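The structure appears right after this line, and notes come after that.
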Amino acid sequence: MSKLKNRLNRLKKTHASSDINEKDQVTSSQPSEVEEWGGVGAVTETTSYGSFIKRLIKIPFHKKVGFYPLSQLVDKAEVLCHLQASESNIQHDKMLFFDTETTGLGIGTGNVPFMLGIGYYTKEEFVVEQLFIRNPSEELAMLTYMNEKFQQFTHLVSYNGKTFDLPLLKNRFVLHRKTYEGEHLEHLDLLYPARSLWRNTLTTCKLSYVEHQRLGIHRVDDVPGSMAPTLYFKYLSEKDPNIMADVFRHNEIDIVTLAVLSIYFTTLFEDTELYKSIELDELYRLCLWFNKMELTDQFQQVYELLIKRATEEDPNYFIPLAMIFKKKKEVETSVFLWREFIELQGHQRMINTEPYIELAKYYEHRKKDFEKAIYYTKEAEQRVYQRISFSRRDNKYVETIKEIQKRKTRLERKWMNKQEKREKMDDVSHPKQIQINI
Amino acid sequence: MNRLTGKFDSLHDLIAELKEMPQFKPQITHWHTIPAREAKYAEFPGQIHNKLKQVFLDRGIASLYTHQAESFGEIVKGNHVVTVTPTASGKTLCYNLPVLQRLLEDDSARALYMFPTKALAQDQVAEVNEIVNQLEMDIKAYTYDGDTAPTARQAIRNAGHIVVTNPDMLHSAILPHHTKWVKLFENLQFIVIDELHTYRGVFGSHVANVLRRLKRICNFYGSNPQFICTSATIANPKEHAERLLEQKVSLIDKNGAPAGEKHVVFYNPPVVNQQLGIRRSSVLESQKLASLLLKNGIQTIVFARSRVRVEILLTYLQDQTKNEFGAKSIRGYRGGYLPKQRREIERGLRNGEIRGVVSTNALELGIDIGQLQACVMNGYPGSIASTWQQSGRAGRRQESSLTFMVASSNPLDQYIIQNPKFFFEATPEEARIEADNLLILIDHIKCAAYELPFEKGETFGGETLLEVLEFLTEEKVLHQVEDRWYWMEQSFPAHNISLRSAAQENFIIIDMTEGSRVIGEVDRFSAPTLIHEEAIYIHEGIQFQVEKLDFEEKKAFVRKVDVDYFTDANLAVQLKVLQVDKQAETKTHDLQYGEVTVNAKATFFKKIKYRTHENIGSGPIHLPEEELHTSAYWFSFAEDILENRSKNDLQFALLGLSNVLVHIAPLYLMCDPMDIRVVPQVKAIHTKLPTIFFYDRYPGGVGLSERLYDVHHELIQQAKELIQGCTCLSGCPACVGPIEEVGLAGKELALELLSTLMIENNTDSVH
């Protein structure tokens, strides 16, 4: 043994901890000569660049996954174009659902996607294809196969693929000095709409949680994705395909879920029945979607239902809604909403003062009705004082009060000027100034 | 001198009269004059693009200095180059000229610049952009470091012609993500490494491995870049560059830049207490000299060795010169200032608005502050190379310059000042690295495998790659398939490997006087002594008191105060043996190797009155201790060693011996003296015996002390030869240390102590 070997072995002794026995066991079990992939339902795919493992699953259209049959996306995918930055024509059979399993975190060059899962619609069924490399030397063959697949589709559908799976895949092409031939694919990353819809209603937007909470999909004995690297490393040393069985299953469900989630998003565009059952905040978020997408009909529908439900459940939604209309230059609707809000909530001790201020602005600038404007300003002032008595001394409120009082003073001056002009009354009693002393 | 104003008309007059001024004359122990040097010019090489030449002509530069032309010539020939020239000799042109020339010829070409710090990188980009603007060409130079906005990063990766970064960024961000830098790596033609001398010791060994990885990536993308390096004066620039780059390098060290006459004055503060031999404070003397210079309109830089001293000197100087200048004219400069503030100070120095600056060695590196007229060093900077670099800050081309080295009472300073020959005749220090240090090498082989799989036949470092790969495969970090080794682990290896010993995390300092405003930062290790609660933190000469230190969140909240004292914290250091991994015994002494912890704890602070420097109060500091867990090697002397020695003599002998070993150990390890610590203890807790400890100054250790353990006998043999061979009478900094430190008999005592070990060795070798 060389001197260096000796030193390295010493390092090993000091570095290795209690898991040394486990490691010894691992190396003692010899990898089986012939790997049996039939058990996990996979076969060897051989190309001119070498071979890798491929698992193919065909799911009939009528199969219901969670709440929806897979067929529900057929000819219904167009509306998904609204979820993209640049609108393009989406056909269900041109969508490639995509998810990877990797050896680590981050998008550094040492993180290897050892499994590429893809899914797509054919005329008869939904197909899941899982490409798996038995060791890193098979990667090139797998990537070449992917390049060919890409040519049949126009859209890539993923969950967090924009920042993770796709950059990682592109890394691999660079590392093999091959061109990535998927540049023509529009990328629809469902994580973004999911986050915008469920930001307040779901504690996390992890795919497995979303599907459980909203799609009716319940995984049984699923291995978490975070276990995938460990299992793969175990497979590398033991070469037993059965070790990977759970990872294949996990990835398969991920791919199918992507299709079901796409179905769910399409239903949001047309299924008015659904609006009644989703949470109020989701309805509000949907309202924001349609407003941003400029889908007037859907917006109107959701808006009307939202008003009805908010009146009963939580009138605070009136405030952001009013701002939407203000931005849309439909101020009269905003005024209606602010008034409704005050009507409903005015008796509350802790209340958002924004509608009062907004109404004051409205009467001052649009209606030149200073009396009404002063009225709402004073109301706002009173509410803030109430609030201060509840909370500790806070600079935020001092600022708010200062602003309100500035507004009040200005309004009173304007009102006086107007009064003087109109009637030249000689004595107008000054409304009392409230001293700030907090 | 002008009799009416009491002022000198020029630096020249001041220099002429200084020698005879009664208040200074007795303190001047040595006056060294380096004659002025004429410029040596060379024509612009014929192939230089007309546009580029025009830029320099427009700036009034009609020809190059010889070293600039020479380095251009070598680069055109395709050689790797290291240029060694002093401060302000136009060294940046040595690389900017060939790089810009190439970019003008070939728009797809790329260059990577590496600087040891972010500040230097930013400086450089500004300089390149100035030339580029004049060229009116679309050449883009960017910094890429931790401060670069995420939104800008992609543009830099794809479009930056010149990317300016630091080794840490290369290590943890660029190389592990090289697939995002395809454009750069495919077309990389030049790698510029400035301040090459800073890459030494353990840090340098890490950087050498980062460069191996960089070359490996370049090779993958089919590029084979040329290295252009610059270095400050060190003893072995060519050798050092060749070790770092693992390439043959052409050395260019014939400086063609002119320099004015240079006066280096050694100044020893007067003795104030004859009996105790106490000298006046070097801080007060430095301040006296600096204010003399400043009051006479001479632009001056003052170097102090600690941050606290910088601020104290700044306060004094601003006060002394307040009739002449506003506070903005004399500034401080040190690590903790915010980048924006530093840029402003650098600019002020260049355009002359700032007349004086007090700095730590932060300004020793090549940050462009133009040339000043005089330099005052408060204390010997610790190495010959640093001293010349600091002194190089003063010296305009056509004018005389003046440097004062003001000695502190520290024994090394006193030795240097009393033995000027030692300083002026010695060669500067060597830079050493050991790129094949096993632990460092393994770390970087991991990173390299993460970046690209290893293939059979590849080389990385010494002959050992295959064995390391097999080792890492057994450890299940790599996976071997035929002749290739792939990274197969979940972690991101670069994250767990830091190139530098000091933790990079900083404490920020928030001024709560009006609202809250971040005014500066302090590194983790200095925090307990500089910003403990009640500390007076001085920033740009303004006093702040620390009201609250949030240790967890790394924030110190301070408020402006006006007091007549500063604070000085005491740091208690303890060394504990945790585990003995190896040991050997001889008749007279035992040696052991193992794990230790070194604990540093700030215990209390003193309040020290300005100007009189008397102690006017103190208080406790309650902060967690800093702990360094590392490896160490130590040997102890038998108990009977005390029989015919006084305890005092033993102490001197141990100290003397440690001082010698500090010189020798780095030679064996090819490390920097800062990488390893030697601690003598008359009675160590662990052995209960007189013991000398060596420990790695890196968390976890990097194998330095283990190597020393293996060569123990050689080490002490060498120590003996060194002491015997030293021509000094009774001790000097080159052997056991100055007599002020080890006593009159220090040399003899150390030698005697050593000989007890030697006799044993001879008999030992028989067995």
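Observations on the structure shown:
- Peptides B:164-171, A:47-54 ordered by packing proxy, namely the average of other Cβ atoms within 10 Å per residue, highest first: B:164-171, A:47-54.
- Exceeding the 21 Å Cα-Cα cut-off - candidates A:Lys327/A:Lys408; B:Lys180/B:Lys456; B:Lys25/B:Lys295: A:Lys327/A:Lys408; B:Lys180/B:Lys456
- CD proxy at 222 nm, helix term only [per DSSP H run n ≥ 4: -39500 (n - 2.57); per residue of the protein assembly as shown; nearest 500]: -12500 deg cm²/dmol
- Subset of B:Lys7/B:Lys607; A:Lys326/A:Lys414; B:Lys328/B:Lys601; A:Lys5/A:Lys178 violating a 26 Å alpha-carbon distance limit: B:Lys7/B:Lys607; B:Lys328/B:Lys601; A:Lys5/A:Lys178
- Cut-off under 5 Å, modelled amide H: who pairs with B:Glu399 long-range: B:Gly260
- Proximal charge balance of B:Pro673 [Cβ under 11 Å; K/R count +1, D/E count -1]: 0
- Those residues of the range A:108-129 for which accessible area with every protein chain present is at least 30 Å² below the isolated value (1.4 Å probe): A:Gly108, A:Thr109, A:Gly110
- Whole-number percent relative contact order across chain B, with pairs defined as alpha carbons under 8 Å at least 6 apart: 11 percent
- Rg followed by Dmax, in Å, when the range B:41-252 is reduced to its Cα trace: 16.2, 45
- Solvent-accessible area of the range B:506-563 (1.4 angstrom probe, protein heavy atoms only): carbon and sulfur portion equals 43 percent.
- The range B:700-757 and the range B:597-637 have Cα centres separated by 27 Å.
- Placing unit charges on each Cβ (+1 for Lys and Arg, -1 for Asp and Glu) gives the protein assembly as shown a dipole about its Cα centre, and among B:Cys218, B:Leu715, B:Gly348 the Cα reaching farthest toward its positive end belongs to B:Gly348.
- Calculated Rg and Dmax of chain B using C-alpha coordinates, Å: 27.4, 89
- Alpha-carbon Rg with Dmax, taken over the range B:177-303, Å: 23.5, 72
- The H on the amide N of B:Tyr113, modeled in the peptide plane, is under 5 Å from the matching H of B:Val163, B:Val164, B:Thr165, B:Val192, each at least 5 residues off or on a different chain.
- Rounded to the nearest 20 debye, the dipole size of the range A:35-270 about its Cα centre is 340 debye, using +1 on the Cβ of Lys and Arg and -1 on the Cβ of Asp and Glu.
- Distance between the range B:80-132 and the range A:161-188 - C-alpha centres, whole angstrom: 35 Å
- Distance histogram in 5 Å bins (all Cα pairs of the range A:272-423, percent per bin): 2, 9, 16, 17, 16, 14, 11, 8, 4, 2, 1, 0
- Relative to the Cα centre, the charge distribution of the protein assembly as shown, modelled as +1 at Lys and Arg Cβ and -1 at Asp and Glu Cβ, gives a dipole magnitude of about 4080 debye.
- Accessible area that becomes buried as A packs against B, both chains, 1.4 Å probe, Å², nearest 100: 3000 Å²
- In the range B:462-504, the residues that give up 40 Å² or more of accessible area when the other protein chains are added, compared with the chain on its own (1.4 Å probe), are B:Glu467, B:Phe471, B:Glu474, B:Glu475, B:Lys476, B:His479, B:Val481, B:Tyr486, B:Met488, B:Gln490.
- 21 Å Cα-Cα threshold exceeded, pairs from B:Lys576/B:Lys647; A:Lys63/A:Lys206; B:Lys118/B:Lys340; B:Lys555/B:Lys576: B:Lys576/B:Lys647; A:Lys63/A:Lys206; B:Lys555/B:Lys576
- Farthest toward positive dipole pole in chain B [+1 Lys/Arg, -1 Asp/Glu at C-beta], among B:Ile234, B:Val736, B:Gly46: B:Gly46
- Residues in the range A:220-256 occluded by at least 30 Å² - accessible area, probe radius 1.4 Å, against chain by itself: A:Phe233, A:Leu236
- Relative contact order (%) - chain A, alpha-carbon pairs under 8 angstrom, separation at least six: 13 percent
- Each pair of Cα atoms in the range A:35-270 enters the Kirkwood radius, and Stokes-Einstein at 10 °C and 1.306 mPa s then converts it into a translational diffusion coefficient of 88 µm²/s.
- Cα centroid separation - the range B:288-308 against the range B:232-267, whole Å: 27 Å
- Area of B:Asp523 that stays accessible when all protein chains are in place (1.4 Å probe, Å², to 10): 40 Å²
- Filtered GluC sites (Glu not before Pro), the range A:69-147: DSSP coil and at most 14 other beta carbons within 10 Å: A:Glu87, A:Glu124
- Mean separation of Cα contacts under 8 Å, 6 or more apart, over the residue count of the range A:143-189: relative contact order %: 60 percent
- 25 °C / 0.890 mPa s Stokes-Einstein diffusion coefficient of the range B:506-563, Kirkwood radius on C-alpha pairs, µm²/s: 225 µm²/s
- For the range A:272-423, the dipole from Cβ point charges (+1 on Lys and Arg, -1 on Asp and Glu) about the Cα centre works out to 1100 debye, to the nearest 20.
- Selection from A:Ile53, A:Pro241, A:Ala259, by position along the positive dipole direction of the range A:35-270 (Cβ): A:Ala259
- Square roots of five times the Cα gyration tensor eigenvalues for chain A, Å: 61, 28, 19
- Applying D = kT/(6 pi eta Rh) to the protein assembly as shown, where Rh is the Kirkwood radius over alpha-carbon pairs, T corresponds to 20 °C and eta to 1.002 mPa s, the Stokes-Einstein value obtained is 59 µm²/s.
- Cys residues of chain B counted as unpaired, since no other Cys beta-carbon is under 4.7 Å: B:Cys94, B:Cys218, B:Cys229, B:Cys375, B:Cys447, B:Cys671
- Shape category assigned to the range B:78-161 from the gyration tensor of Cα positions, a/c cut at 1.5: oblate
- Per residue, the solvent-accessible area of the protein assembly as shown (1.4 Å probe, heavy atoms of protein chains only, all protein chains present) comes to 45 Å².
- Distant-in-sequence amide H partners of A:Leu188 (H built 1.01 Å from N, under 5 Å): A:Leu156, A:Val157, A:Ser158
- Protein accessible area in the range A:35-270, 1.4 Å probe - carbon and sulfur %: 51 percent
- For the range B:438-496: Kirkwood Rh in Å [reciprocal of mean 1/r, alpha carbons]: 11.3 Å
- Carbon + sulfur, % of accessible area of the range B:438-496 - ligands and nucleic acids excluded, 1.4 Å: 42 percent
- Ellipsoid fit via the Cα gyration tensor, the range A:122-179: semi-axes of 21, 15, 12 Å, each the root of five times an eigenvalue, largest first.
The values are calculated or read from the model by the stated rules, or taken from the named source; none is laboratory data. Here the structure is a predicted model, which means the values were calculated and not measured. Neighbour counts are summed over all protein chains in view; Cβ atoms, including those assigned to glycine, are modelled from backbone coordinates with ideal geometry. Just so you know, the surface numbers come from the protein's heavy atoms only, side chains and all, with ligands and any DNA or RNA stripped out. Shrake-Rupley method; radii C 1.70, N 1.55, O 1.52, S 1.80 Å.
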